[in-house]
Amino acid sequence: MTLHIPFDNSFARLPGTFYASQMPDPVPAPRMIAFNADLARLLGITPGETEEMAQIFAGNHVPSGAKPLAQLYSGHQFGHYNPQLGDGRAILLGETVGADGKRRDIQLKGAGRTPYSRGGDGRAWLGPVLREYLVSEAMFALGIPTTRALAAVETGAPVIRETALPGAVLTRVASSHLRVGTFQIFAARGDTASLKRLTDYAIARHYLTAQGPMELLAAVCRAQAGLIAQWMGVGFIHGVMNTDNCSIAGETIDYGPCAFMDRFHPDTVYSSIDRGGRYAYANQPNIAVWNMAQLATALIQQIDNREAAVERATEIVHAMPALIHAQWLEQFRRKLALTDARDGDEDLVTDLLTLMAQQQADFTNTFRALGSAAARDHFTDRAAFDAWETRWQTRRTGQPAAAPLIRVANPAIIPRNHRVEQMIAAATDGDYTLFHRLTTALSTPYDDAPEDLTRPPSPDEEIEATFCGT
Ligand code: AMP
Ligand code: MG
């Protein structure tokens, strides 16, 4: 059997100002780690022999119909504008239109240097590749918009970081790789023609009913608001919400120093490079708005009636905090098995979160346990929790039974950071058992899961910081 990918490459049909054609750089000894057969089916891909697929997803063999390219973008990194970034180690092979009628990008990450690599080697090491594979697929299974992972391949070549580490390539699938930064670069260059072209492309690809740049902005704001609310609902911390990592399609993209919280605290930061806590858990809604303000600033550059556009864009961006808040409340109502909306719900939610933060309750396990006798075990001051629970039960009077609602709204398992790190350490030694075990358990996160995978870290297992995924 030969692998077949039915490519239809709309981005490659855009003018060359948007990208640089770039072949992947071959590697010595590709070996398949994981192939996502369900996703392949959705994409319309006919799988081939493992050997052949390893060659293709390592970048050694470019499949027919692919138009490999590196995309150009810029972006604000930790609030500072970097005038040129671009795919420094990612190569877009092309797009397919899937069985569901949706167009998706297929991209190799870690496939060699490109014109936008700056000082980088264009490569990825095994750790971040497995982290992204595992966490992005977990995110998908949780029902949260995200890029996905089609394949992970070992390259057989070392990658030099602080030490020599095994190299790998991830095949990432996304609704598109358009970012806020893709707009920013053409706006900053004053290239209005490209900006207009890109706006039309984004509308045609993602928001068909949007009429013009301001309606595109509003649509992206809505998508991002929904996304951030869902992150908050599972205790996810992205870690690097730079504008180049902010997707126009509203998907979670770029799993670098990301993590799911164990014990709840709103100020939690994992990224070792996030010293100021800019991308802390509770600051994510603010940053999403900040990012949309940058998108607004970029989109405005193509509008002749600048004054009216600024006014309209300001309105749209200023409406976003309320949008996020409403979706956040909706998320947490669901988590508390509240099937209708009433005054006082927000206090009920925030009072629980305050108790959890004060008493270092585990975010995932506490919500999952609500309504069961085990819930109070997550608190040191059990009387305080009991008082909250009484309020909750009173509020739930007349509502359907809590248990089944709690189970579908609160996952049993999330990719806990210490398990991810243990998985990476084992894989670096050639043992993929934990990787496959975690991948399987995380594919059905609302089912009960093995105790060792749902348990919070013991003090010696705890991961304080996650380093940037390069
Ligand atoms: P990230 O932090 O992964 O979002 O990457 C930020 C920018 O750095 C992007 O333009 C990447 O393509 C680039 N980059 C990250 N790692 C490498 C690398 N090893 N080689 C070349 N470029 C890289
Ligand atoms: Mg990035």
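Details
- Amide hydrogen neighbours beyond the local backbone of SER271, cut-off 5 Å, H modeled: THR466
- Cα gyration tensor category, rounded, prolate or oblate, for the stretch 11-174 with a/c compared to 1.5: rounded
- Placing dummy labels 7 Å off each Cα toward the beta-carbon, the span from ASP460 to ALA426 is 1.8 nm.
- Ranked by the mean number of other Cβ atoms within 10 Å of their residues, highest first, the peptides 402-413, 202-213 fall in the order 402-413, 202-213.
- The chain: C-alpha gyration tensor shape, a/c 1.5 cut-off, then a/b vs b/c: oblate
- Relative to the Cα centre, the charge distribution of the chain, modelled as +1 at Lys and Arg Cβ and -1 at Asp and Glu Cβ, gives a dipole magnitude of about 920 debye.
- Fully extending the segment from ASP447 to GLU215, taken as 0.36 nm per residue of separation minus the present Cα-Cα distance, adds 79.6 nm.
- Chain lengthening between ASN286 and ASP377 when straightened (0.36 nm per residue, less Cα-Cα): 29.5 nm
- Backbone phi angles across the stretch 212-220, fed through the Karplus curve with coefficients 6.51, -1.76 and 1.60 (θ = phi - 60°), yield HN-Hα couplings of x, x, 6, 6, 5, 4, 4, 5, 5 Hz in residue order; Gly and Pro are listed as x.
- Considering only GLN294, CYS258, LEU352, and ranking their Cα positions along the charge dipole of the stretch 249-354 that arises from unit charges at the beta-carbon of Lys, Arg, Asp and Glu, the one farthest toward the positive end is CYS258.
- Charge tally around SER136: other residues with Cβ under 10 Å, Lys/Arg +1 each, Asp/Glu -1 each, net -1.
- Amide H contacts under 5 Å for SER74: LEU85, THR182, GLN184, ILE185, restricted to partners 5 or more places along the chain or on a different chain, H placed in the peptide plane at 1.01 Å from N.
- Along the chain, counting only GluC sites (Glu not before Pro) with a DSSP assignment other than H, G, I, E or B and at most 15 other Cβ atoms inside a 10 Å radius, the longest segment between sites is 163-460.
- With every protein chain in place and a 1.4 angstrom probe, the accessible-area ranking of PHE78, PHE140, largest first, reads PHE140, PHE78.
- Carbon/sulfur fraction of accessible area - the stretch 180-329, other protein chains in place, 1.4 Å, %: 51 percent
- Around the amide H of ARG103, modelled in the peptide plane, lie the amide H atoms of GLY98, all under 5 Å away and 5 or more residues distant in sequence or on another chain.
- HIS436 sits with roughly 80 Å² accessible to a 1.4 Å probe, with DNA, RNA and ligands left out of the calculation.
- The stretch 1-113 - percent relative contact order, Cα under 8 Å, separation 6 or more: 34 percent
- In the context of the full set of protein chains, residues of the chain present 39 Å² of accessible surface per residue (probe radius 1.4 Å, heavy atoms only).
- Whole-Hz ³J(HN,Hα) from phi, Karplus 6.51 cos²θ - 1.76 cosθ + 1.60, for the stretch 200-209, glycine and proline x: 4, 5, 5, 5, 4, 7, 10, 9, 3, 8
- Cα gyration tensor, the stretch 180-329 - rounded (a/c under 1.5), prolate or oblate: prolate
- ALA204 paired with HIS325, simple spin-label distance in nm, labels 7 Å along Cα-to-beta-carbon: 4.0 nm
- Partners of LYS102 within straight-line reach, counting aspartates and glutamates whose Cα lies under 19 Å from its Cα and excluding those fewer than 8 residues away in the same chain: ASP8, ASP38, GLU137, ASP200, GLU251.
- Summarised in one figure, the compactness ratio Rg/Rh of the stretch 12-63, Cα atoms and Kirkwood Rh, is 1.06.
- Using a Förster distance of 25 Å, the FRET efficiency for THR46-SER10 (Cβ separation, nearest 0.05): 0.70
- Of LYS109/LYS335; LYS67/LYS196; LYS109/LYS196, pairs whose Cα-Cα distance is over 25 Å: LYS109/LYS335; LYS109/LYS196
- Solvent-accessible area, 1.4 Å probe, carbon plus sulfur percent, for the stretch 11-174: 54 percent
The values are calculated or read from the model by the stated rules, or taken from the named source; none is laboratory data. Here the structure is a predicted model, which means the values were calculated and not measured. In this analysis, Cβ positions are derived from the backbone assuming ideal geometry, glycine residues included, and neighbour counts consider all displayed protein chains. Please note that ligands, DNA and RNA were not included when accessible areas were found on the heavy atoms of the full protein model with its side chains. Shrake-Rupley method; radii C 1.70, N 1.55, O 1.52, S 1.80 Å.
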